[in-house]
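Beneath this line is the structure, given in structure tokens, with notes to follow.
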Amino acid sequence: MTEAKTKSVNMTFRALYSYIINTNYRNVSGYFSIFISVASLACAFIFWNSFATGTKIMLILIGLIFTVLNPLMLAFKAFKQLKLSPSYKKPIEYTFYDDGIKVSQGDLSDTLPWNRISALMLTKHMLAIYTSRIHAFVIPVSELGDDGPKILASVVQFTSQYNPKI
């Protein structure tokens, strides 16, 4: 990418929800919670005739907590965060250079060199560029427009020499 690509993006619900879901479920505790849910639902249905009504209800509730209730609560959290957070009210401008990414919003601006990127996470709806274990820039893929595939390929290419976790 010899010429700089500048994109002004607004956070979308799908991108933010995708980021929150992936952050919560792509780790050991997320896998464990899914395992507990599936195991309790399987146990409830396999041993349906062996359990009392209270036990059946308890197992089904435990099964639904991490597979239905938690994703719904996370969707509500994403919606609320998108509507109330002042940082999502204004668009963020990303300029992709050969040396890094310039991030601007209003009067604030910072340049992120490629070697400061510790991890990348790409889903159908967003690209998360991590600068630490917990800090990330979340870019909605839909907001990148026609240049999206080219920008995504450049991000992966430029960060590959620094071995970020992908």
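Report yes if Leu152 is open to solvent by 50 Å² or more (accessible area, probe 1.4 Å) and among the aliphatic types (A, V, I, L, M), otherwise no. No.
For beta carbons closer than 8 Å, sequence separation of 6+ or different chains, a first residue in region 6-28 that is in contact (Cβ under 8 Å) with a residue 12 or more places away in the chain and a second that is of a type in the set (Val, Ile, Thr) and part of a helix (DSSP H, G or I), the qualifying pairs are Lys7/Ile151; Ala15/Val141.
Which one of these is in contact with a helix residue (DSSP H, G or I) (Cβ under 9 Å, 6 or more places away or on another chain), without any contact (Cβ under 8 Å) to a residue 12 or more places away in the chain and either in a helix (DSSP H, G or I) or under 21 Å from Thr23 (Cβ atoms) (or both): Leu127, Leu72, Leu61?
Among Leu127, Leu72, Leu61, only Leu61 is in contact with a helix residue (DSSP H, G or I) (Cβ under 9 Å, 6 or more places away or on another chain), without any contact (Cβ under 8 Å) to a residue 12 or more places away in the chain and either in a helix (DSSP H, G or I) or under 21 Å from Thr23 (Cβ atoms) (or both).
Filtering Asp99, Asp110 for residues that are closer than 23 Å to Gly148 by Cβ, surrounded by fewer than 16 Cβ atoms within 10 Å (Cβ to Cβ) and touching a Phe, Trp or Tyr at 6+ places or on another chain (Cβ under 9 Å) leaves a single hit, Asp99.
Does Ser132 count as over 18 Å from Leu16 (Cβ atoms), touching a Ser or Thr at 6+ places or on another chain (Cβ under 9 Å), among the hydroxyl-bearing types (Ser, Thr, Tyr) and buried (at least 16 other Cβ atoms within 10 Å of the Cβ)? Here the answer is no, as Ser132 does not meet what is asked.
Residues checked against (1) in contact with a strand residue (DSSP E or B) (Cβ under 6 Å, 6 or more places away or on another chain); (2) open to solvent by 80 Å² or more (accessible area, probe 1.4 Å):
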{"residue": "Met58", "(1), (2)": "no, yes"}
{"residue": "Leu74", "(1), (2)": "no, no"}
{"residue": "Phe79", "(1), (2)": "no, yes"}
{"residue": "Ile92", "(1), (2)": "yes, no"}
{"residue": "Ala119", "(1), (2)": "yes, no"}
{"residue": "Asp147", "(1), (2)": "yes, no"}
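Return yes when Phe51 is of a type outside the set (A, V, I, L, M), without any contact (Cβ under 8 Å) to a residue 12 or more places away in the chain, open to solvent by 70 Å² or more (accessible area, probe 1.4 Å) and over 30 Å from Pro113 (Cα atoms) and no when it is not. Spelling it out, it is not the case that Phe51 is of a type outside the set (A, V, I, L, M), without any contact (Cβ under 8 Å) to a residue 12 or more places away in the chain, open to solvent by 70 Å² or more (accessible area, probe 1.4 Å) and over 30 Å from Pro113 (Cα atoms).
In summary, Met11 fulfils each of the numbered conditions (1) within 16 Å of the chain's Cα centre (by Cα); (2) part of a helix (DSSP H, G or I) with the single exception of condition (2). Is it true that some residue in region 92-114 is charged (D, E, K, R) and either assigned to a helix (DSSP H, G or I) or within 21 Å of Ile20 (Cα to Cα) (or both)? Scanning region 92-114 turns up no residue that is charged (D, E, K, R) and either assigned to a helix (DSSP H, G or I) or within 21 Å of Ile20 (Cα to Cα) (or both). When we screen Val141, Val68, Val155 for residues that are touching a Phe, Trp or Tyr at 6+ places or on another chain (Cβ under 9 Å) and β-branched (Val, Ile, Thr), the only hit is Val155.
The values are calculated or read from the model by the stated rules, or taken from the named source; none is laboratory data. Predicted model, so just to flag it, every value in this text is computed and none were measured. Cβ: placed from backbone, ideal geometry, glycine included. Neighbour counts: every protein chain shown. Keep in mind that these areas ignore ligands, DNA and RNA; they rest on the heavy atoms of the full protein, side chains included. Shrake-Rupley method; radii C 1.70, N 1.55, O 1.52, S 1.80 Å.
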